[in-house]
Every structure is written in C-alpha cells, then in structure tokens.
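Notes follow the structure.
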Amino acid sequence: MSGNRRVLTRRLLAIGAAAGRRAEAGRIRFGSLAAAAGALTVALASIAAIGVAYQARMDRIDAAMPVVDESAAVDSRLLLMEDVFDELADGRQFTVVYFEPVGPDAPLPPGMDAWPEPGQVLLSPRLHEAGADERIEERYGEYAGLIDPDALADPGQQIAYVVADGDLSVAGEYPLHVVGFDPSGPPEAMGVFWLVADQDFSVPGLVAIAAVMLVLPALLLAAVAVRTGAELRDRREQLVTVLGGGRRERFLISLGESAVPVAAGALGAGAAVVAAAALGFTVPYVDFAVAGGELLRAWWLLAACPIAAAAIVLATSALLGSRASDRRSTRPRAARRPRLLIAWAALNPVFIVTAVLLPPLFAGTPLYPLLNLFGVAGVMVTLPAAVAFTTVLIARRAERFGRRTRRPAWLVAGRRIAERPRSTARQVTGVAAGAILVCLLLAFQGAFTTQAARAQQDLDRYGMPAALVSVNGYGTAAQTAEFTAALHGRIDLLAATEAHVGPSAVYHLAGSCEALAAFALPCPEPGTVVSPDGPLEDPRLQRWLERHPSGDAALTFEQGDPGAAVEADDITLLAAATDGGDVPVADVKAAGSAFTLGVTVAASDVSAGVPHREQARWIALFGNLGLILLAAVAGIGAAGEFIRHSRALAPLVAVTGGVAVFRTMAALTVWLPLLAAALIGLGLGFLVTRPMTVDSIEMITPGLLIACAAAVAAVGLVMWQWASAAMTKEASTWRPGRGD
Amino acid sequence: MSAPSRPALAIAALRYTIGDRVLFDGLELELAVGESAAILGPSGSGKSTLLSLILGMARPDEGTIAIDGTDLAGLGTAALAKVRAGSVGMVFQFGELLPELGPEDNVALAAMLAGDDDPGLPDRVAELLRRLGVPQSPRVETLSGGERQRVAVARALVNGPRLLLADEPTGALDETNRDNVADLLFALPAEQDCALLVVTHDRAVAARADRVYTITGGGLRAGTEAQR
Ligand SMILES: Nc1ncnc2c1ncn2[C@@H]1O[C@H](COP(=O)(O)OP(=O)(O)O)[C@@H](O)[C@H]1O
Ligand SMILES: [Mg+2]
C-alpha cells in the first residue's frame, strides 16, 4: 500500500515534469519560473544583507568608541583627541580627527598600525580618491598613507586622521583624554565614527524600500510566472482530478512540473549571492562597498534565502493551480459597466490638475501640500480606469489602422486588446504605478533638503566672491601670519567680525593699509573706525554683503592686525580671491594647515544635502530594480498571453506565409504597452511631484528618468524577442495534423 | 493564365519514409482544376503527412510533386512560401479562426498575410461570405460550428487558390453540419475554378468526391477499401 503510494507519488511528479518539458511555451515557462525564483532569492538576500551589513558596520563603529578619562594622569598612556568637520566641494561632511599621543603607549585609533610623525596625515581610501581633485593630500599636513579600510565603518567612509603638530591642549577647544578604544565604553562618548552613523539612512527605511521595491515585485513575478504557459500542466491536473485525484495529487504534479526551473533559478541566484558575499562587492550606483566575507558571518541567513524563495514560488505554483484559470468556462463574462469606467477615467486628469496646478494658488498655506497629496492619491486611484480606457481607445485606432492599411498584425493585435483590455491595462498599470511610487519616494526624500537647496541656489546665483574663514580651535598671530603668507598674492584677507545693530547686520573689517587697499578701501588713521563714504567699489565685497541672509549688511572698517585679532579674540577672516573669481576653497583649507586644527571655510549649507542625496540614490537604485521586476511581471504575462492567443494563427501563417506578423504583433502587445507604461508612469510621477520639489534638491533627475525608462524598455525588448521567436518557431514547425 | 491541361496537383513516383518505415512508395496522383478527390485512410496511415508533402513542409525521398505546374523540388523556402500563398488554400480540422475577429476580418487576414493589396478585397470577402452563406457577426465566437467552418472555407478560398486542401474538415462537426459543409466543399471546384483534395476518415464525406482513394501499401488505390 505504501509502496503503491510511493509509486503514485513518483508517477505524479513525472507527469508534472513531462508537462513542464513539453509545454508549448516551455522555454518561456522555464525562464520565467527560474527568473521569479532567482529574483525572489536576491530580493530576500538583499534584505538579509542590509541587516547583516548594518550589524557589522555598527560593530566597527562601536570599536572606534574612545574610553575617555578626564582625570587620567597626563602620562605616556594618554591620547588627546579632537575632531573637526570638513567637506569636499559637492561632498558630504566628514570628520578630521586630530590626535596627540602624549607618550609611546597612547592607544592607536582603529585602522592605524603605528603613530606617524607629528604633522603627518592618514586618509581613508575613499576620501583619498574623492579628494584627489582638491589635492586632499596637502590639506592637513604631510600625507603619510591610508587608513586600513577594514577598520572603518565601511570601506566607503570618508575620514582623515591627523597627528597634531602642535599642542592640542592649547590649540583645541575640548580635546578628549582617551585611554583606549573599546566597544564597551560608556555610551555617551562620541566615537571616532559617529558622524557616518549620524548620516546613515535609517535601516528600517531601507528595509521597507527593499520590501516594497524588490520583494513585492518578485512575488508578483512568481504569481505571473506560475500561470505562464501552464496549459499542459493544467490539462494534466484536470485529468488527474477527474480520475479522482485530490489536492495532494495536484500538488505533486505542480511540484514535479515547477521543481526543476524553480530550483535552477533559486540555486543560481543563491550561488551568485554567496559568491558576491565571499568576494565582496560594491553596490552599483550608491557606491556602497561590502567587504568580502563580511556577509558570510550570517551564512545561514543567506542560505535560507534561496530555500525560502523556492518554497514560496512552489507554493504559489500549487495554490494558483488549474482551478484558478478556467478559461474555457462557458459562463457569460461579467457585465462591464463602461459608464462607470469612463467616469473614473475622466477623473484622472482632474486629479492631475488638482495635484499640479492648484497647490501654487495656495502657496504658503496648509492647502498647498494637502491639495497636492489629495491629487496624487486621486491620480493613483483613478489610474487603472484611465489606463484601461486609454488602452481601449488606442487599441481600436490600431485595429482600424490595420484594417485600412492591410497590416494584419495591427488589426489582430488591436482587436485582441480592444476586446479584452483588462490584462493589458493591468500590466501597464502595474509598471506605471511603480514608476509613480518611485517618483513619490524620491520627492519625499527631497523634502529634507530645503536648506541645502537654498544654499545651492544661492551659490549658483552669486558664486562665492568672498567667504568667512574661521580658525578651528585657537590660532596664534604667528600661525595667522604663516597662513596669510601662504595665500599672499592669491587671496586678500581681512579680519571680520559680525555685529547686529537692530535688525540689520554690521560687518567690521580690519587689516593693514595694503590689505584694505586690496578691497578698494581707504586707510584710516590707526584707532579710528570709519564707514565707507559712498558705494563700495570692490564688487566682491559688494556682492558678499548683498547676499547676507538678513539682507544688505552694513560695513565699518579700521586699520589693524588680523593676526593679533585672531590670537586675542578668535576672530574670523574674510577671504576673497585677488583675481575676483570664486574663493579657491581647497587652497584656503590647505593653507589652513598653518593652524594646529586647520580652518573651516564657512561657505554654505550645500553639504547638508549630500547625505540625503546619497540616500536618495538607494531609493533610485531599488526603485529602478523594482521597475525592472514589474516590467518582467508585465512582460512575461503579456508574452504568455500573446503566445496563447496567437496559436490559432500559426497554421494560417504556415500556409499563407508572413511570419513577420508575429514580430509586429508581439511588439504591439508585449513591448509597446511596457514602453508606454514606463513613459506614462515616469511622466505622471514627475508631474505630480512638482509642487513637492520646488524648494528642495531635485532627486528625480533626467538621468534617472531615462535610466528607468530604458530599463523597462530593455526588459520589454527581451520579452518581445522571446515571444515573437516562440511563435515564429511554432508557425515554422507547424505540420498538417499536428497541433490540431 | 495556366493552360487548361496543366493539372492543379501532380504527384509522381512519390517515396517517403519515416525512419525505416516506408510510408509512401510509388504514389501517383493527378488532379485537374474543377476536379475533387478524397483520400481515405485509417488514423496513422499518412494522410496528414501527404498534405505536408504537398505543402512543401516535408521533402519527398523520391518522386515529384508539382502544384499548378510548378515542381516543388527545386524551390527554396521563400519560393515555396510564395507558391503556397498564391496557389494553395487550406481548411483545417478545427477551423483555427481568431475568435475575437468577425468573419470578414478572419477571411481578409489570409489575403493580407499573403500580401494581397487589391483595393476591392473587402467586397470580394463580403461576396465570398455571402455566397457561402455565412451570417453577419461581429465575432466568429458567436457562430455555430458549421458556420465557423464555412468561414474557414471562405478563408481558404480568398487568395483564389488553384488547389484547395482540407484535412479532416468535418472532423469536429455534428452530422447535419458535416453534410452541409461537405456539400459546400465539393461544390467548390466547379464554382471556384480550383481542384479539391480532401483527406478524411469519413466515408460519407469522401463519397461526394469525383474520385476516392485509399492509402494502401505505400500508394493510392481507387475506391474505399483498404487492402491489407
Ligand atoms: N515527425 C514524425 N516522426 C516520426 N513519425 C511520424 C512523424 N510524423 C508522422 N509520423 C508517423 O507517420 C504516420 C503517419 O502519420 P499521419 O500522416 O499524421 O497520419 P494520419 O494523418 O493518417 O493519421 C504515423 O504512424 C505517425 O506516427
Ligand atoms: Mg491526420
């Protein structure tokens, strides 16, 4: 009895496997099942990888936690440490950590083997690379090599270690007394790497985006793949059901049929994941490096991904079995309600107008975002109806065009879609909604960048005719003189203090007669403070005062020594390029190494937007991958349907010729809807997010839109070729008496 | 254009083997315009294979097949396709119509695929359908089985073939419809200036043909009895 059962089990599995091998669209079925299992494996693995990489990163950030003991004796075991911020043009802020080992036993910070000489600098590899244009090697002192990337939070971290060439307890504002680096140190201590942790994308956010953009489309792909080219399996399942088979029997057939392609996809993708984890990889576009082997510390989690993916796809295959798709049913089709559909479709442009054109009428009021959001929600809700309606309109035109111009492909494809617009509309809607969602997520992300966007606009409008330079920590007159000398002939410098008189700002400048003359200011008697009589002659000064946040700032000046002012009162310096161009920030910073802790060039808030912009690249990356998956979902669905419906045409084409009809038909039913979906979705997404993005950095860049559209079009192209090749083959191998 | 003496179909000394099974050996058949022939044979006797050979989809081992005077042996794929499109029409067992198209479009499709650019095509199609008694309908889906098969016949005729082939054309029909379609088919050679070759296992259908053959011993024998 149990022997019989075993035989039956094997028989049923074999029946399923045979159905899989012989399916007319067998290659498409194999390919789409494998693709679904592979995509799901990668989607699950990427969520696992986010978690594992985050944990590993946090561990390294913790390992850079200093153990601070302010009461420790100043002896050979003590390390003084102070950090300042710096940034590259158009880059994110990073930390420059100044160390002063008091003695030879001072603890080494992570990533450093031995103490370099005072005045020497170690750079993280990414900073070294990114800063090459700005000659970062010269900025903080004498370049002595790279920080070991394995000890960094991640290999892409930007950070500089500088061994101070002065006395940190004198030059620093609050140097920490560090006796060691220890992950179990008191939590309130700020680690060497705290800034990167602060700039990170929230991990739950990243996981949520991966779930929506990768896992969900991969599940949809599985749902479509299991129904693609499943006719043979369905027939066998129905036969077995008629012969008295139950759920178990049907499940075995489905298992036998899907197991090989699903296993191939899951194992292939699993092997790729493990290889990437073992060798290390850089996530493209976001440039996030994952060290080789790092993810393998949770190897069991990675191993679980292909298994889970395969199980999910097989379960889907069994659940969405033959009963779910009884197409030969003679039930009358559900009555359609075209009036309602048209009404919904007509509302779509109304919502577009609401989202795009109404908010500006209510600028500065809560109605602005509310109307926009209301409109966006409406656009999404009415999208399926609008797409279905438009699909029918276009299909009817295509049909008429085909009949008039004797193009059989247009006639047949147009008629087909006009008769049953739902599947095409569903495919288009899926991709278009995905594209709109990507735009929305990017627009929301952009909302964090208002301040940086304004700074950028400012910079674009005014350039940087002058900039305030402040000394980090404390500087001496001698250091100021060295700094000034290093920039002599290229940069004009004055001491600058800002005061407020009532609502308006007043800048007070001081410098030698020569320095004042460089700004076309007269040289007053020592000790007298004067205002310019008449308009300022120096355009740099003029433009700089104009762009003061509180409007035009006033000006006073006197003859004086900036060095003394810096030493005595920690005063800032006003720097302007002698040739009248933009202040060469990198040069000023390099000259700033005259000071123990360097200088800060208070240029703008532009760098505040960089982390958000870099986070937005994750959204864009996952979004684009999600769109590719959605395109595959739609493309595979459309290809399967195309093959099913064109089969009746194969004998006629075989006898009358004109195989090219399949190429055009597949282009019209598989490729074109996908391309249209991408264009509609990206266009709508761009349009409805305009009101959200007026005041922020544009995350929805033309490059991104083009990349998304191109990716979808490429997926569509592959599906088109696939579908048309399958039908061409079917027609060219048709023989009388076969396939009837 | 073709001389009246030129046969629509001429098969001579045909030999065809599948593996080591000899399906045809020395098979002869000649069919003139205006004539009809039926080939009977049990399932597996090679009826469909013979049609494949006539359509040039399989190559004979020996012998010649000529359609409307053109020997298929020397033709390449493109030339073969041209002969098929221009000179051969075929009615399939299950019709193989596109369900969502109307009868007119289904018929016109065959002309379009064959590259027909006659501006009078719609009228020709309408006339053909009227003559064959196909009712108006937006979709062939809603037609009866017999009506659908008439559409399939009209489609086979639309390119004005010299040779009309039918593979079990009544196999999927009930008795009344079978008789109607069969009557229609065998009236065509006289009406449409073509030759008709019907392959069937139904003697009642075959009986309407001018000549009836049975596949036997690798050749064709006149009459309805296979001799083993
Ligand atoms: N491609 C093929 N390979 C092997 N045998 C074939 C092939 N095509 C047909 N046959 C065999 O040739 C014989 C004739 O087939 P067919 O022409 O379809 O017969 P009929 O149409 O009379 O039923 C059958 O025995 C069939 O099994
Ligand atoms: Mg047959």
Phi angles of segment B:170-178, converted by Karplus (6.51 cos²θ - 1.76 cosθ + 1.60, θ = phi - 60°) into ³J(HN,Hα) in whole Hz with x for Gly and Pro, give 10, x, 9, 10, 7, 5, 4, 4, 4
Segment A:526-573 shape via C-alpha gyration tensor axes, a/c threshold 1.5
oblate
Over segment A:65-192, what portion of Cα pair distances is larger than 16 Å, expressed as a whole percent?
61
Helical mean residue ellipticity (222 nm; -39500 (n - 2.57) per DSSP H run of 4+; nearest 500) of chain A
-18500 deg cm²/dmol
Taking Cα atoms only, helix A:231-242 is inclined relative to the longest principal axis of chain A by an angle, in degrees rounded to 10, of 60
Using only the Cα atoms, work out Rg/Rh for chain A, with Rh taken as the Kirkwood radius, to two decimals.
1.10
If I take every Cα pair under 8 Å that is 6 or more residues apart in segment A:465-603, average their sequence separation and divide by the length, what percent do I get for the relative contact order?
46
In order over segment A:120-129: 3J(HN,Hα) from phi, Karplus 6.51/-1.76/1.60, θ = phi - 60°, whole Hz, x for each Gly or Pro, gives 8, 9, 10, 10, 5, x, 5, 5, 4, 6
Nearest-0.05 FRET efficiency for B:Ser137 and A:Asp458 at R0 = 56 Å, using Cβ-Cβ distance, is 0.20
Using the crude model of +1 on Lys and Arg Cβ and -1 on Asp and Glu Cβ, and no other charge, please compute the dipole size for segment B:69-228 relative to its Cα centre, in debye to 20.
480
Give the aspartates and glutamates reachable from A:Lys729 as a straight Cα distance under 19 Å; neighbours fewer than 8 places away on the same chain don't count.
A:Glu24, A:Glu231, A:Glu641, A:Asp740, B:Glu96
Which of A:Phe85, A:Leu521, A:Ile394, positive extreme of dipole for chain A (C-beta unit charges):
A:Ile394
Mind running the shape call on segment A:451-557? Use the C-alpha gyration tensor, a ≥ b ≥ c as the square roots of the eigenvalues: rounded below 1.5 for a/c, prolate if a/b tops b/c, oblate otherwise.
oblate
Note down the nm distance, to one decimal, between modelled labels 7 Å out along Cα→Cβ at A:Leu239 and at A:Val530.
10.7
At the nearest 100 Å², what buried accessible area, both sides summed, do you get for B and A when the probe is 1.4 Å?
2800
Which is farthest toward the positive dipole end of chain B among B:Ser87, B:Ser52, B:Thr176, measuring Cα position about the Cα centre, with Cβ charges +1 (Lys, Arg) and -1 (Asp, Glu)?
B:Ser52
Here D for segment A:148-277, in µm²/s, from Stokes-Einstein with a Kirkwood Rh over Cα pairs at 37 °C and 0.692 mPa s, works out to 153
How long is segment A:638-712 along each principal axis, judged by its Cα atoms, biggest number first, in Å?
64, 18, 14
Rough spin-label spacing in nm, given labels placed 7 Å along Cα→Cβ, for A:Phe362 and B:Ala207:
8.4
By how many degrees, between 0 and 90 and to the nearest 10, does the Cα long axis of helix A:2-22 differ from the longest principal axis of chain A?
80
To one decimal place, what orientation-averaged projected area in nm² is obtained for the convex hull of the Cα set of segment A:90-132?
3.8
Working out 0.36 nm times the residue gap between A:Ala275 and A:Val74, then minus their Cα-Cα distance, what length gain in nm do you get to one decimal?
67.4 nm
Taking 0.36 nm per residue of separation between B:Glu175 and B:Ala222 and subtracting their Cα-Cα distance, the length gained on full extension comes to 14.4 nm
Could you tell me which of A:Ala586, A:Ala486, A:His500 has its Cα farthest along the dipole of segment A:465-603 towards the positive end, charges placed at Cβ (Lys, Arg +1; Asp, Glu -1), taken about the Cα centre?
A:Ala586
Segment A:589-624 scanned against label point 7 Å out from A:Asp287 along Cα→C-beta; backbone N under 18 Å for A:606-622
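Using the 2.2 N^0.38 Å rule of thumb for compact globular proteins, work out how segment B:80-219 stacks up: its C-alpha Rg over that value, please.
Its radius of gyration relative to the 2.2 N^0.38 Å reference: 1.02.
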Using each residue's phi in segment A:306-314, evaluate 6.51 cos²θ - 1.76 cosθ + 1.60 at θ = phi - 60° and report the 3J(HN,Hα) Karplus result to the nearest Hz, with x for Gly and Pro.
x, 5, 4, 4, 4, 4, 5, 5, 5
Quick calc: nm separation of the 7 Å Cα→Cβ label points for B:Ala12 and B:Glu30 -> 0.9
Between B:Thr216 and residues 5 or more places away or on another chain, the pairs with built amide H atoms under 5 Å apart involve B:Arg221
Within segment A:27-140, what whole-number % of the accessible surface is contributed by carbon and sulfur, with the 1.4 Å probe and all protein chains included in the calculation?
53
Dipole magnitude (debye, nearest 20) for segment A:65-192, charges at Cβ of Lys, Arg, Asp, Glu:
140
Treating the beta-carbon of each Lys and Arg as +1 and of each Asp and Glu as -1, no other charges, what is the dipole magnitude of the protein assembly as shown about its Cα centre, to the nearest 20 debye?
9520
With r as the distance between the Cβ atoms of A:Arg396 and A:Arg735 and R0 = 35 Å, compute the FRET efficiency 1/(1 + (r/R0)^6) and round to 0.05.
0.45
Label segment A:1-100 by shape, choosing from rounded, prolate and oblate, from the square roots a ≥ b ≥ c of the eigenvalues of the Cα gyration tensor; if a/c is under 1.5 it is rounded, and otherwise prolate applies when a/b is larger than b/c, oblate when it is not.
oblate
On Cα atoms only, tilt of A:450-462 relative to the major axis of chain A in degrees
60
May I ask you to compute the full-extension gain from A:Ala208 to A:Arg490, defined as 0.36 nm times their residue separation minus their alpha-carbon distance, rounded to one decimal in nm?
96.4 nm
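The values are calculated or read from the model by the stated rules, or taken from the named source; none is laboratory data. No experiment lies behind these values; they were computed from the predicted model shown. Glycine gets a Cβ as well: all are built from the backbone with ideal geometry, and neighbour counts include every protein chain shown. To get the accessible areas, we keep the full protein, side chains included, count just its heavy atoms, and leave off ligands, DNA and RNA. Shrake-Rupley method; radii C 1.70, N 1.55, O 1.52, S 1.80 Å.
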